[in-house]
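Visitor: Here it is, the structure, as structure tokens.
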Amino acid sequence: MPKLKTKSGVKKRFRLTATGKVKHGVAGKRHRLMNHNGKYIRQNRRTDVISDADAKVIKKWAPYGLN
């Protein structure tokens, strides 16, 4: 069997926690932030954990794990 490739978008956007959950940065924080209020910007500062159903798909796209 040939080696499986990791989807390049997945390795840029996701990381694994120590318990194996998938975390990601929040969307909508790159530019045009003047249109958002301060509450939105504060609440989306941190990373977020993805649901188990979505994490299963993301782990398929990264067959050898995420560093």
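Visitor: When you scan the stretch 30-38, do you find a residue that is touching a Ser or Thr at 6+ places or on another chain (Cβ under 8 Å) and without any contact (Cβ under 8 Å) to a residue 60 or more places away in the chain, even just one?
Guide: No, the stretch 30-38 has no match at all.
Visitor: Could you tell me whether Tyr40 is out of contact with any Pro (no Cβ under 9 Å at 6 or more places or on another chain), surrounded by 13 or more Cβ atoms within 10 Å (Cβ to Cβ) and of a type in the set (Ser, Thr, Tyr)?
Guide: The answer is yes for Tyr40.
Visitor: Moving on. Could you tell me which residue of the stretch 9-24 is nearest to Arg42 (Cα to Cα), considering only residues that are surrounded by fewer than 14 Cβ atoms within 10 Å (Cβ to Cβ) and not basic (Lys, Arg)?
Guide: Thr17
Visitor: Across the stretch 12-25, what is the total count of residues that are in a loop (DSSP other than H, G, I, E, B) and without any contact (Cβ under 8 Å) to a residue 24 or more places away in the chain?
Guide: 4
Conditions tested, residue by residue: (1) more than 11 Å from the chain's Cα centre (by Cα); (2) at pLDDT below 95; (3) part of a helix (DSSP H, G or I).
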residue: Val10; (1), (2), (3): no, no, yes
residue: Ala27; (1), (2), (3): no, yes, no
residue: Arg46; (1), (2), (3): yes, yes, no
residue: Ala55; (1), (2), (3): no, no, yes
residue: Leu66; (1), (2), (3): no, yes, no
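The values are calculated or read from the model by the stated rules, or taken from the named source; none is laboratory data. Note that this is a predicted model, so its numbers are computed, not measured. Backbone-built Cβ (ideal geometry, glycine too); neighbour counts: all protein chains shown.
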